[in-house]
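Got a structure for you, questions after.
Every number here is computed from the coordinates shown, using simple stated rules; none is lab data. Since we're looking at a predicted model, the values are computed, not measured. Every residue, glycine among them, receives a Cβ derived from its backbone with ideal geometry; neighbour counts consider all protein chains shown.
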Amino acid sequence: MEYVLLIAIGMLSGVVGSLVGLGGGTIFVPVTLLVGIDLGWIPHVTPQTVVGMSVIMMVFNGLSSTMYHLKAKTVDYRSGLIFFAGSIPGTIIGAFFNRGLDLSSFNIYFGLLLIFLAALLLVNKYLKPIRWFVDHGKQITFTDPQGENHVYGYPIWFALLFTFFIGLTSGLFGIGGGAMLVPGMILLFLFPPHVAVGTSMLMVFLSALINSGTHIYLGHVPWLYSLAVIPGAYIGGTVGSMLNKKMSSETLVIVLRVLLLLFGVNSIIDGIWG
């Protein structure tokens, strides 16, 4: 039964993560903690093994989604590699920090992060883009399929610092970081939304490779469970990318805000009284 559950959770996480550029871990970790630890339906899981499964899942979720966005020509390779370079040290440091967290501490800190992400998604559309970073950085021009030109950009030093922090949270909690990276790319660097999602998924894929290697070294990856997650994540990543191309994700983002808030509150309650 636990393998069927993990396939389903992996597929759901892949669809949602690829649709809005999150990478899937933002859904996978809280759902698996709820189903596996709170409800006891997945034996022998801990916060560390859930994070280990999540980063393995994000490799395949990120790969399938990135391949789709590459075909759609909505990936900024140069920016993706710069963001990846900034995230590498943060990812490794975060993975080592994860080793020292007990269940209560993990639940409290992760719950606070989920509530922060829910608030970020809530206020995202009400915030005005900031031109300072574009005006003081290297400017890039992108022409969309409709022939419209978009100008965006950023100072490299700030992009490296920004993605270091995102990598730290990714390594610590097993999430892709897209929930912070995509709004930052749109609001701070003025990326077109579809390019922000495509480039985010490239960074999620590359950083997940480093993240998974670190968690494998630390012994956090339960391979039998992870093998059940992989096919669902890969299929979900492809489906989510297709939906991203064809539909507005506003409805899903609204649902995601509510889920993150509920999971965050539940995680904090478990950490304090669980």
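Working out 0.36 nm times the residue gap between Ala119 and Trp273, then minus their Cα-Cα distance, what length gain in nm do you get to one decimal?
Using 0.36 nm per residue and subtracting the Cα-Cα distance, I get 53.0 nm.
Also: Would you mind pulling out the separation of the Cα centroids of the stretch 168-183 and the stretch 15-83, in Å?
If you average the Cα positions of each part, the centres end up 10 Å apart.
Next up: If each residue's Cβ is checked for other Cβ atoms within 10 Å, how do Val50, Val265 rank with the fewest at the top?
Fewest to most other Cβ atoms nearby, the residues stand as Val265, Val50.
In straight Cα distance, which lysines are under 28 Å from Lys246, not counting same-chain residues fewer than 8 positions off?
Of all the lysines, those that pass the test against Lys246 - Cα under 28 Å, at least 8 places apart if same chain - are Lys71, Lys73, Lys125, Lys128.
Most mobile of Pro30, Pro231, Pro43 per a Gaussian network model of the chain (Cα springs, under 10 Å)?
Between Pro30, Pro231, Pro43, it is Pro43 that shows the largest mean-square fluctuation.
Let me ask something additional. What nm distance separates the two modelled labels at Trp41 and Phe97, each placed 7 Å from Cα along Cα→Cβ?
It is 3.1 nm.
Okay, next question. Please arrange Phe96, Phe84 by how many other C-beta atoms lie within 10 Å of their C-beta, fewest to most.
In increasing order of surrounding Cβ atoms, one gets Phe96, Phe84.
With label points built 7 Å along Cα→Cβ from the Cα atoms of Glu2 and Ala72, find their separation and express it in nm.
3.6
Could you state the number of Å between the C-alpha centres of the stretch 144-167 and the stretch 120-142?
8
Once the cut-off is 30 Å, how many percent of the Cα-Cα pairs in the chain end up in the long-distance tail?
21
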